[in-house]
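Asks: Here it is, the structure in full.
The values are calculated or read from the model by the stated rules, or taken from the named source; none is laboratory data. Values in this document were obtained by computation on a predicted structure and should not be read as measured data. Cβ coordinates were reconstructed from backbone atoms using ideal geometry, including for glycine residues, and neighbour counts include every protein chain displayed.
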Amino acid sequence: MSNQDNDPPVHESLTVIEFTDIYRTEEWWKAVVRYRLESNSEETAIYLWHNDDDDGWTRKNKYVIKTEEAWETDRQVIKSLLDGQGNDGDFPVSDYYNIDAGTTVSKSDDWWKAIVRIDQKGSYETEEVIVYLWQYQDDKWRRRQKYAIKDNDSWAEERDIISSMLSDSAGQVSPGAGETPATATDRSDTSTSEPIDSSIMKELEEIGDDIEKHLSETLDN
């Protein structure tokens, strides 16, 4: 796919195979994208970009789903949380959020994936469900991936778009094929697909909370 204005602004090392917009405004763009890596393997990811005046479309959130098995696990947990289920627990999310319930999907010494339900963001009441992936680095859990679902109506639309794209790619041979669901989930969780510049990671994390606050206020109004 050519690099035109309507193409998703993914990293230059990725080749877009197909994509479906979830929504797009002058400031925000959310889409499901299937792409090919330089290794010739394929992934599907949920992206959120913001249109910065000086830099154009800048990626704010990304969540990678490599296998249908991993997605099935996500779907079940997301549905249970949207239905009011879930357990209490401590999760390394921003103090800006108040966690009502959450479920750990997988956790190791280095990686932690959980899905949580948020009932308040700052002064805003909400019922969002958010998928998180953290990496343990420098003695703390640092967010690496995130995917937020605002409500049941949003979930119904996004779920169908993602499931359809994964189904379309099911005939493709990709890393994770032949693995057990648990193993395949772990592999997809720990892949970021795009290079992380460690020199700017700390700065990005420091402004992350401000970005989330701005996003919340923009989309909730």
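Asks: Do we find that Tyr47 is within 18 Å of the chain's Cα centre (by Cα), closer than 24 Å to Thr20 by Cα and of a type in the set (Ser, Thr, Tyr) in this structure?
Replies: Judged against the criteria, Tyr47 is a match.
Asks: Considering each residue of region 123-137, count those that are surrounded by fewer than 15 Cβ atoms within 10 Å (Cβ to Cβ) and at pLDDT 95 or above, and give that number.
Replies: Of the residues in region 123-137, 1 are surrounded by fewer than 15 Cβ atoms within 10 Å (Cβ to Cβ) and at pLDDT 95 or above.
Asks: Return yes when Thr218 is under 15 Å from the mean Cα position of the chain (by Cα), surrounded by 12 or more Cβ atoms within 10 Å (Cβ to Cβ) and modelled with pLDDT under 50 and no when it is not.
Replies: no
Rundown of residues vs (1) surrounded by 14 or more Cβ atoms within 10 Å (Cβ to Cβ); (2) in contact with a Gly (Cβ under 8 Å, 6 or more places away or on another chain); (3) in contact (Cβ under 8 Å) with a residue 40 or more places away in the chain; (4) assigned to a loop (DSSP other than H, G, I, E, B), yes/no style:
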site	(1), (2), (3), (4)
Val16	yes, no, no, no
Asp21	no, no, no, no
Trp29	yes, no, no, no
Asn40	no, no, no, yes
Asp74	yes, no, yes, no
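Asks: Which of the numbered conditions does Arg34 fail, given that it passes all the others? Conditions: (1) under 16 Å from the mean Cα position of the chain (by Cα); (2) free of Cβ contacts under 8 Å to residues at least 40 places away in the same chain; (3) surrounded by 15 or more Cβ atoms within 10 Å (Cβ to Cβ).
Replies: All conditions pass for Arg34, except number (2).
Asks: Using the structure shown, decide if Leu48 is in contact with an Asp or Glu (Cβ under 9 Å, 6 or more places away or on another chain) and modelled with pLDDT of 95 or more.
Replies: no
Asks: Based on this model, can you work out whether Glu12 counts as touching a strand residue (DSSP E or B) at 6+ places or on another chain (Cβ under 7 Å) and of a type in the set (D, E, K, R)?
Replies: Against the criterion (touching a strand residue (DSSP E or B) at 6+ places or on another chain (Cβ under 7 Å) and of a type in the set (D, E, K, R)), Glu12 does not qualify.
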